[in-house]
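The values are calculated or read from the model by the stated rules, or taken from the named source; none is laboratory data. Please read these numbers as outputs of a predicted model, since none were measured by experiment. For neighbour counting, all protein chains shown are included, and Cβ atoms are generated from backbone atoms with ideal geometry for every residue, glycine included.
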Amino acid sequence: MDIKEYIESFEEISQLSRDKQFTLLEQARDEIQSNTSLPSFAVIAFIVRVSCISLFFSACYFFSEFSTLNIVISVLLGLLFARIIISEINSHLILKGLKRVLQKNAV
């Protein structure tokens, strides 16, 4: 997971320097991963991708003829929607971990 894309994304830390934001975001990522036994970001990404591709592939199979073009389009749409969903889930998880890190640092 690339932490750099979340710098300047959260108003809780946007006033801090980029280095400090990066450090806090890394701590938030580590906080999230330490609370689960699985590598949560990788597992979530895999499950969402497979689910979206399967969903669009199934819709293609049931609602249109079975052609190579339809398969390619369904895979591309599945990957596009999966990317959007993964981005939203990761943002939510990072924000949740960031709030925990900020609470720990405040105490």
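Looking at ILE89, ILE84, ILE47, just one residue is in contact (Cβ under 8 Å) with a residue 24 or more places away in the chain and within 14 Å of the chain's Cα centre (by Cα), and that residue is ILE89. Taking the criterion of being exposed (fewer than 11 other Cβ atoms within 10 Å of the Cβ), of a type in the set (Phe, Trp, Tyr), at pLDDT below 85 and in a loop (DSSP other than H, G, I, E, B), would at least one residue in the stretch 66-83 satisfy it? The answer is yes; a qualifying residue exists.
Scanning the stretch 1-40 for residues that are closer than 23 Å to LEU76 by Cβ and either assigned to a helix (DSSP H, G or I) or among the hydroxyl-bearing types (Ser, Thr, Tyr) (or both) yields a single hit, GLU5.
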